[in-house]
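Only one structure is covered here, and it is reproduced in the block below.
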Amino acid sequence: MKKREKLAIIHQWYPKDITTIDSVNRIIDFVEYDLDLEPKQIMLADSICSDDVNSIQYPARTQEFLGPFKMGGLDGFPFTGLTGMGAFASHVPDDGAVFIYYGPHIGITKDGTIGEIHRLGQSKNSSCCGAAKGALGKLMNNQISSGNISELDYQMNTIEQILYKEKERVLKADSPLYEATEVIYEAIDKRINELVEQTNYHCKFVILVGAILINSDSDM
Ligand SMILES: [Zn+2]
């Protein structure tokens with residue numbers, strides 16, 4: 001399947017989507033031409049879901065940066081908090097920059113189904129993001145109660161609470177999973193900006209790139 005054909009499937013849901021490879025190339029161009037820095041002067045941190053597919057589909061050219069520092073837990077929420085943000089802020093080269101890539105993820109199969117992907121070696125598709133789908137299922141079945149965050153499943157419960165606060169908006173949407181992903185994006189974006197606001201940086205720039213990360217079938 002050609003790149004153009006693959007993107008056409010994804011564009012049914014996300015009309016502005018570009019490939020991860022193209023997005024990394026654009027950022028490297030921006031670093032080199034607009035900021036006049038080298039990728040080795042950039043400390044990359046990402047706040048994306050810990051799902052193994054995000055490691056498998058991580059674009060290779062990101063290795064030109066330092067890092068990545070991993071801020072994310074389930075569905076990309078920056079669970080490492082202020083301590084995590086402060087940690088890599090203190091690791092960045094003096095003349096360099098911090099580059100934070102953040103956002104939730106979602107699967108789209110080659111037949112255009114949202115919320116699942118085919119994973120290598122499996123006969124059936126599976127959920128993507130599993131945490132977002134799990135939280136949405138609980139929201140639909142009225143199984144989330146306000147403020148319920150347990151030690152045993154802290155990250156999942158946090159995602160549940162994010163959706164619970166926007167229950168009506170999510171459940172009324174044409175695609176509740178699409179909408180839930182938007183809601184989670186907004187929560188991540190808000191939190192990242194709060195963390196940046198409260199962190200001291202000793203470098204020249206802080207680059208923030210927020211997006212919905214889209215996964216697809218293993219052969220796409
Ligand atoms: Zn996930």
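Each value in this text was obtained by applying a stated rule to the coordinates, not by laboratory testing. Since this is a predicted model, take the numbers as computed values, not measurements. Please note: Cβ atoms are built from the backbone with ideal geometry, for glycine as well, and neighbour counts cover all protein chains shown.
Sequence-distant contacts, meaning Cα pairs under 8 Å at least 6 residues apart, place the relative contact order of segment 65-220 at 38 percent.
What translational D, rounded to a whole number of µm²/s, comes out for the chain from Stokes-Einstein when the hydrodynamic radius is the Kirkwood one over Cα pairs, at 25 °C and 0.890 mPa s? Can you show the working numbers first?
Details: Rh = 18.2 Å.
This corresponds to a translational diffusion coefficient of 135 µm²/s.
Please list 31-37, 98-104 highest first by mean number of surrounding beta-carbon atoms within 10 Å per residue. Don't skip to the end; give the middle numbers.
Values: 31-37: 13.6, 98-104: 25.3.
Taking the mean over residues of other Cβ atoms within 10 Å, the ranking is 98-104, 31-37.
Shown for Glu38, Glu116: other C-beta atoms within 10 Å of each C-beta, ranked fewest to most, produce the order Glu38, Glu116. Rg and Dmax, both from the Cα atoms of segment 60-130 and both in Å, are 16.3, 49. Under 19 Å Cα to Cα from Lys2, which aspartates and glutamates show up? Leave out anything in the same chain fewer than 8 places away. Straight-distance partners of Lys2: Asp17, Asp22, Asp111, Asp217, Asp219. Here the dipole of the chain is about 540 debye; that uses its Cα centre as origin and unit charges on the Cβ of Lys and Arg (positive) and Asp and Glu (negative).
Sparse packing (at most 11 other Cβ atoms within 10 Å of the Cβ) combined with a DSSP loop state is found for the following GluC sites (Glu not before Pro) in segment 151-206: Glu151. The value of relative contact order for segment 1-143, using C-alpha pairs under 8 Å at least six residues apart, is 21 percent. Sparsely packed loop sites in segment 121-220 (the trypsin sites (Lys or Arg not before Pro) outside DSSP H, G, I, E and B with at most 14 other Cβ atoms within 10 Å) comprise Lys124, Lys165. Taking other C-beta atoms within 10 angstrom as a stand-in for reagent exposure, Thr83, Thr19, Thr109 fall in the order Thr83, Thr19, Thr109, fewest first. Backbone phi angles across segment 148-164, fed through the Karplus curve with coefficients 6.51, -1.76 and 1.60 (θ = phi - 60°), yield HN-Hα couplings of 7, 10, 9, 5, 6, 9, 4, 5, 4, 4, 5, 4, 4, 5, 4, 6, 4 Hz in residue order; Gly and Pro are listed as x.
Ordered by the count of other Cβ atoms within 10 Å of each Cβ, fewest first, Cys128, Cys203 give Cys203, Cys128. Each Lys or Arg adds one and each Asp or Glu takes one away; over the other residues whose Cβ falls under 11 Å from the Cβ of Phe79, this sums to +1. Amide H contacts of Cys128 (H built 1.01 Å from N, in plane; Pro and chain starts excluded): Gly107, Glu116, Ile117 sit under 5 Å, all sequence-distant by 5 or more or on other chains. Couplings 3J(HN,Hα) of segment 174-180, computed from phi: 4, 10, x, 5, 4, 5, 4 Hz, in residue order, whole Hz [Karplus 6.51 cos²θ - 1.76 cosθ + 1.60, θ = phi - 60°; x for Gly and Pro]. Size check on segment 94-151: the Cα extents along the three principal axes, sorted descending, read 51, 37, 21 Å.
Between the residues Cys129, Ala89, Tyr101, the greatest Cα displacement towards the positive end of the dipole of segment 51-143, with unit charges on the Cβ of Lys, Arg, Asp and Glu, is found for Cys129. Across every pair of non-identical alpha carbons in segment 154-220, the mean reciprocal distance, once inverted, gives a Kirkwood radius of 14.3 Å. Residues whose amide H lies under 5 Å from that of Phe99, counting only those 5 or more places away or on a different chain, are Met43, Leu44, Ala45, Ile207; hydrogens are built 1.01 Å from N in the peptide plane. DSSP bridge analysis restricted to the chain gives an antiparallel fraction near 15%, rounded to the nearest 5. Per-residue 3J(HN,Hα) values for segment 38-55, derived from phi via the Karplus relation 6.51 cos²θ - 1.76 cosθ + 1.60 with θ = phi - 60°, read 9, x, 5, 8, 10, 9, 7, 10, 10, 10, 10, 4, 6, 2, 4, 4, 6, 7 Hz in sequence order (x marks Gly and Pro).
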